[in-house]
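Just below is one structure, and these are the notes that go with it.
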Amino acid sequence: MLMRHTWQRHPFPVRAFFRHTLVLTYAVPEESLLGLIPPGLLPDTHRGFGLVAIAMVQTKALRPACLPPLLGRDFFLSGYRVFAQYRMANGHTLRGLRILRSDTDNRLMQVMGNLLTHYNYQKALVTVREGPERLEFGVRTPNGVADLRVLADLSVHPASLPVDSPFKNPTEARRFAGPMPFTFDYEAETHSMIVIEGVREEWKPQLVAVEVWRTLFLSSHIGGE
């Protein structure tokens, strides 16, 4: 008989189209991430800082890879991730992300996502406002534990790095812009690491100016923005 944890290993490949993707990456003291990294992983650091990210994605036609797009699901996803490294038995090191929490506006996605993955999906109320020069996301969660509100100013192109950024230039920052090739999570039932590999096409990230009003989950787990 299959145990529940065996279903959460991403049992089949999926495909999707990302209509909009906005990622905020924060540099934090490395020691603030130690309680968020499971056994077998190390923080992926830069100049002594650990890195965490909030990704906001409008996903279109998510479905098992064997199905046509018409049978896919459209939904919003916000995800909280820690940049991490995993050293394999052969000594090779993989760079990727450890998922802390995911919020979605789709109940089916919450149920199926938690059945088939380690992504910790929660149901949220989401608002999206789009314009030719702006993109705004708002996420409201039960008890406000992961409320989020962000505005991206698309009129500033290309935007500059923040003055207090630990990155010297956009090329250096690109290493932490995503998408990362792997996602990791520790399977306590078998004391092993689950490694999921993702493949992206036509991914060309660009710096944008943002105004962040609220990131309550990150504030409570990292100790500030």
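The values are calculated or read from the model by the stated rules, or taken from the named source; none is laboratory data. Because the structure is predicted, anything quoted here is derived from the model rather than measured. Quick reminder, even Gly has a Cβ in these numbers, built from the backbone with ideal geometry, and neighbours come from all protein chains shown. When the accessible area is computed, the model is the full protein with side chains, heavy atoms only, and any ligands, DNA or RNA have been set aside. Shrake-Rupley method; radii C 1.70, N 1.55, O 1.52, S 1.80 Å.
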Say we join alpha carbon atoms closer than 10 Å with springs in a Gaussian network model of the chain; which of Asn90, Asn143, Asn169 then has the biggest fluctuation?
Asn90
Shape metrics for the range 66-126, restricted to C-alpha atoms - Rg then Dmax, Å
14.9, 44
Local electrostatic count, Ala177, Cβ distance below 14 Å [Lys/Arg +1, Asp/Glu -1]:
+4
As an exercise, identify the trypsin sites (Lys or Arg not before Pro) in the range 1-104 lying in DSSP coil whose Cβ has no more than 10 other Cβ atoms within 10 Å.
Arg47
Mean shadow area of the range 1-119, taken as a quarter of the surface of its Cα convex hull (nm²)
9.4 nm²
Could you pull out the GluC sites (Glu not before Pro) across the range 159-214 that fall in loop regions by DSSP (anything but H, G, I, E, B) with no more than 13 other Cβ atoms inside 10 Å?
Glu189, Glu201, Glu202
Would you work out if the range 66-199 is rounded, prolate or oblate? Take a ≥ b ≥ c from the square roots of the eigenvalues of the alpha-carbon gyration tensor; rounded if a/c is under 1.5, else prolate when a/b is larger than b/c, oblate otherwise.
oblate
The alpha-carbon pair-distance distribution computed for the chain, with 10 angstrom bins and whole-percent values, is 7, 31, 39, 19, 3, 0
Quote the charge dipole size of the chain about the Cα centre in Debye, to the nearest 20; the model charges only the Cβ of Lys and Arg (+1) and of Asp and Glu (-1).
480 debye
Using a 1.4 Å probe over the heavy atoms of the protein chains, calculate the carbon and sulfur portion of the accessible area of the range 57-171 as a whole percent.
54 percent
Just want to confirm a number: the relative contact order over the range 1-126, from Cα pairs under 8 angstrom separated by 6+ residues, in percent.
24 percent
Counting each DSSP H run of 4 or more residues in the chain as -39500 (n - 2.57), what helix-only mean residue ellipticity at 222 nm follows after dividing by all residues, to the nearest 500 deg cm²/dmol?
-2500 deg cm²/dmol
Unsatisfied cross-links (Cα-Cα over 26 Å) in the set Lys60/Lys168; Lys123/Lys168; Lys60/Lys123
Lys60/Lys168; Lys123/Lys168
Net charge near Thr127 (other residues with Cβ under 13 Å of its Cβ; Lys, Arg +1; Asp, Glu -1) is -1
Determine the relative contact order of the chain: mean sequence separation of Cα pairs under 8 Å and six or more apart, normalised by residue count, in whole percent.
17 percent
What is the ratio of the Cα radius of gyration of the range 99-178 to 2.2 N^0.38 Å, with N the residue count, to two decimals?
1.39
Of the residues Thr190, Thr215, Thr25, which exhibits the maximal mean-square fluctuation in a Gaussian network model of the chain defined by a 10 Å Cα contact cut-off?
Thr190
